[in-house]
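Peer 1: Let me give you the structure first, and then I'll get to my questions.
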Amino acid sequence: MSLRRFFINPTDITGKTAQLTGTEAHHIRSVLRLAPGDPIIFFDGTGTRYQARIEQILKDRVTATIINHTQDLLPKVRIHLGQALLKGQKMDLILQKATELGVDAIWPFYSEHGIHKPQRDTQMERWQRIVLEACKQCDRARPPEIHDTREVTDLLAHPPPCDTKLIFWEHETRQTLNEVLAGQERDCNSVFFLLGPEGGFSAAEVAYAQQAGFTPVSLGPRILRAETATLAATAILQFTLGNLNPATPENQEKNPCAPLSKG
Ligand code: SAM
């Protein structure tokens, strides 16, 4: 059975001792009923993964001794997903799948034909929980950054620094994704790609995106549901950029967990 993975706040690690508290400690104690001596893995959200051994299981916390730790290397090409807000649970699905597929950062945005409900304060906390749970499941030590929701026009005007900017548009007929990526392969270290809402991008948004240096690309002749398009675009980009290869040092950048470029 693969080792159980838990999230720990970096401040709860002192030297070789870690103290897990809250829901993680409850999970260890009351759900999994682990015992002192059991091996566990935890990660602190900065890309470090710790192998540890449980020492004590107390009422309010679990203490563990760290045996060793490794750093998650960064992918050679980092991808930032700009996602129009979607209705209902679809955003939760996107956050979970984007985490599993290795997206570096997620930039939610409001758009003309998308929902404009202002985000509840608890929204970001809930989204963070979703991506942390996805990290635990897929053994990813560094969660994607989730940025505050902005207007698409603001995001187009001030995108995160990226070498390649794409807008996925169902009415694009001239160029295909692989043509665009083939042209950039050599010196592309980061891609920012936008996916629209259920109602699609407006013509004005697409025109503005092009003026701002975004290349419209197609995912083929069929109109995909918003969540299908995001998953397909992410998987194709990650495959084409080599980020679905086994995580060996040759396939990845040497500087583990360099801070993300701030948009
Ligand atoms: N406005 C579309 C319509 O005619 O019904 C629907 C938009 S689609 C549901 C949601 C988003 O998925 C689009 O804004 C686009 O970003 C992406 N998408 C869907 N199909 C696509 C395709 N064939 N090529 C590129 N992007 C696509």
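Peer 1: Report yes if some residue within region 118-126 is aliphatic (A, V, I, L, M) and modelled with pLDDT under 95; otherwise report no.
Peer 2: First, pick out the residues of region 118-126 that are aliphatic (A, V, I, L, M): 124.
Okay, now just the ones that are also modelled with pLDDT under 95, so 124.
Scanning region 118-126, I find at least one residue that is aliphatic (A, V, I, L, M) and modelled with pLDDT under 95, so the answer is yes.
Peer 1: Is one or more of the residues making up region 118-129 among the β-branched types (Val, Ile, Thr) and touching a residue at least 40 places away in the same chain (Cβ under 8 Å)? Before the answer, list the steps.
Peer 2: The first filter runs over region 118-129 and keeps only residues among the β-branched types (Val, Ile, Thr), leaving 122.
Going one step further and asking which of them are touching a residue at least 40 places away in the same chain (Cβ under 8 Å), we end up with none.
Among the residues of region 118-129, not one is among the β-branched types (Val, Ile, Thr) and touching a residue at least 40 places away in the same chain (Cβ under 8 Å), which makes the answer no.
Peer 1: Would you check if residue 234 is within 14 Å of the ligand (Cβ to nearest atom) and either outside the structural domain of residue 160 (by TED's automatic domain parsing) or over 18 Å from residue 153 (Cα atoms) (or both)?
Peer 2: Details: within 14 Å of the ligand (Cβ to nearest atom): yes; either outside the structural domain of residue 160 (by TED's automatic domain parsing) or over 18 Å from residue 153 (Cα atoms) (or both): yes.
It is true that residue 234 is within 14 Å of the ligand (Cβ to nearest atom) and either outside the structural domain of residue 160 (by TED's automatic domain parsing) or over 18 Å from residue 153 (Cα atoms) (or both).
Peer 1: Specify which of the listed residues (181, 195, 224) is crowded, with 17+ Cβ neighbours inside 10 Å, on the phi < 0 side of the Ramachandran plot and at pLDDT 95 or above.
Peer 2: Numbers: 181 fails: at pLDDT 95 or above; 224 fails: crowded, with 17+ Cβ neighbours inside 10 Å.
Criteria check complete, one pass: 195.
Peer 1: Would you mention how many residues in region 134-147 are open to solvent by 40 Å² or more (accessible area, probe 1.4 Å) and at pLDDT 95 or above?
Peer 2: Applying the first criterion (open to solvent by 40 Å² or more (accessible area, probe 1.4 Å)) to region 134-147 yields 137-139, 145.
With at pLDDT 95 or above added as a condition, the list becomes 145.
Of the residues in region 134-147, 1 are open to solvent by 40 Å² or more (accessible area, probe 1.4 Å) and at pLDDT 95 or above.
Peer 1: Moving on. Taking only pairs six or more apart or across chains, which ones have beta-carbon atoms under 6 Å, a first residue in region 211-227 that is assigned by TED's automatic domain parsing to the domain that holds residue 114, and a second residue that is near the ligand (Cβ under 7 Å from one of its atoms) and open to solvent by 40 Å² or more (accessible area, probe 1.4 Å)?
Peer 2: From residues that are assigned by TED's automatic domain parsing to the domain that holds residue 114, the pairs are 216/169; 223/170; 226/198.
Peer 1: Among 63, 23, 48, 17, which is the only one that is of a type in the set (Ser, Thr, Tyr) and open to solvent by 70 Å² or more (accessible area, probe 1.4 Å)?
Peer 2: Values: 63 fails: open to solvent by 70 Å² or more (accessible area, probe 1.4 Å); 48 fails: open to solvent by 70 Å² or more (accessible area, probe 1.4 Å); 17 fails: open to solvent by 70 Å² or more (accessible area, probe 1.4 Å).
One residue alone meets the criteria, 23.
Peer 1: Can you tell me which residue within region 231-250, out of those that are within 16 Å of residue 188 (Cα to Cα) and open to solvent by 50 Å² or more (accessible area, probe 1.4 Å), is modelled with the highest pLDDT?
Peer 2: Only one residue tops the list, namely 236.
Peer 1: Still on this structure: Looking at 97, 165, can you tell me which residue is open to solvent by 30 Å² or more (accessible area, probe 1.4 Å), closer than 15 Å to residue 86 by Cα and basic (Lys, Arg)? Full working, then the answer.
Peer 2: Values: 165 fails: closer than 15 Å to residue 86 by Cα.
Of 97, 165, the one residue that is open to solvent by 30 Å² or more (accessible area, probe 1.4 Å), closer than 15 Å to residue 86 by Cα and basic (Lys, Arg) is 97.
Peer 1: So in region 165-178, with the set limited to residues that are in a loop (DSSP other than H, G, I, E, B) and modelled with pLDDT of 85 or more, which one is farthest from the ligand (Cβ to nearest atom)? Even if it seems obvious, please write down each step before you answer.
Peer 2: Quick first cut of region 165-178, residues in a loop (DSSP other than H, G, I, E, B) only: 169-175.
Okay, now just the ones that are also modelled with pLDDT of 85 or more, so 169-174.
On the way: 169: 5, 170: 4, 171: 8, 172: 6, 173: 10, 174: 12 Å.
Among those that are in a loop (DSSP other than H, G, I, E, B) and modelled with pLDDT of 85 or more, it is 174.
Peer 1: Quick one: would you say residue 115 is over 20 Å from residue 209 (Cα atoms) and either open to solvent by 10 Å² or more (accessible area, probe 1.4 Å) or out of contact with any Leu (no Cβ under 6 Å at 6 or more places or on another chain) (or both)?
Peer 2: Answer is no for this residue.
Peer 1: Can you pull out the residues in region 36-54 that are in a strand (DSSP E or B) and farther than 14 Å from residue 13 by Cα? Talk me through it step by step, then tell me what you get.
Peer 2: Filtering region 36-54 for residues in a strand (DSSP E or B) gives 39-43, 48-54.
Listed by number, the residues that qualify are 39, 40.
The values are calculated or read from the model by the stated rules, or taken from the named source; none is laboratory data. What you are looking at is a predicted structure, and each value in this text was computed from that prediction instead of being measured. All Cβ positions, even for glycine, are placed from backbone atoms using ideal geometry, and neighbour counts span all protein chains on display. The protein model used for the area step is the full one, side chains on, heavy atoms only, and it has no ligands, DNA or RNA in it. Shrake-Rupley method; radii C 1.70, N 1.55, O 1.52, S 1.80 Å.
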